[in-house]
Amino acid sequence: MILSAPEITRRLKNNTAKGGLVITPYEPGCQQPASYDLRAAEDMILPQGIVSLVPSIEWVELPVDLAGTLMCRSSFGRRGVLLGAGFVDPGFRGNLTLCLTNTGKEDIAVKKNDRIVQMILHEVLNGDQCYSGRYQDSSGAVEVK
């Protein structure tokens with residue numbers, strides 16, 4: 001099941017228990033009917049034909065019963081931007097490193113606070129394992145480890 005905006009908001013407000021949903025800083029204008037828009041943490045240029053690593057402003061913490069799918073926003077997709085690495089496991093904590101490839105005909109400017117990727121949150125039934133990989137507690141754009 002995909003979480004709706006009211007359910008995302010409810011879980012964010014009720015995250016007092018350790019292991020709850022966290023998106024910080026939370027911006028109400030980024031909340032969509034069934035997703036949350038992640039924003040670029042810095043100004044940068046996406047050069048034509050190159051993979052660029054863009055850090056999200058948001059620090060995200062997913063509980064054991066949620067996973068996230070990342071999709072490039074259509075406004076960037078229409079300009080030839082593709083997103084790689086689009087899944088966030090339950091238990092992940094950190095800034096997300098967004099792997100964007102510009103397949104368009106010209107360089108594309110990304111400004112700090114631009115909404116570039118949608119995060120769709122899904123329930124994980126009977127989940128009992130949390131992410132514990134090398135990108136846990138990531139800060140900023142993280143190169144491959």
Next item on the list: Take the Cβ-Cβ distance between GLN48 and GLN129 as r, set R0 to 41 Å, and report the resulting FRET efficiency rounded to the nearest 0.05.
Entry: 0.55
Next item on the list: Show the residues, 5+ positions off or on another chain, whose built amide H is closer than 5 Å to the amide H of LEU98.
Entry: VAL54, SER56
Notebook entry, point to check: Taking 0.36 nm per intervening residue step and subtracting the Cα-Cα distance, what contour gain separates THR69 from THR9 on full extension?
Noted result: 19.8 nm
Next item on the list: Taking amide H positions as placed in the peptide plane 1.01 Å from N, state which residues far from GLY104 in sequence (5 or more) or on other chains have amide H under 5 Å from it.
Entry: GLY49
Next item on the list: Run through every distinct alpha carbon pair of the chain and return the Kirkwood hydrodynamic radius in angstroms, one decimal place.
Entry: 15.5 Å
Notebook entry, point to check: Mean separation of Cα pairs under 8 Å and 6+ residues apart, divided by the residue count of the chain: what relative contact order is that in percent?
Noted result: 32 percent
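No lab work stands behind these numbers, since they all come straight from the coordinates. Values in this document were obtained by computation on a predicted structure and should not be read as measured data. When we count neighbours, we look across all protein chains shown, and the Cβ atoms used for this are built from the backbone with ideal geometry, even at glycine.
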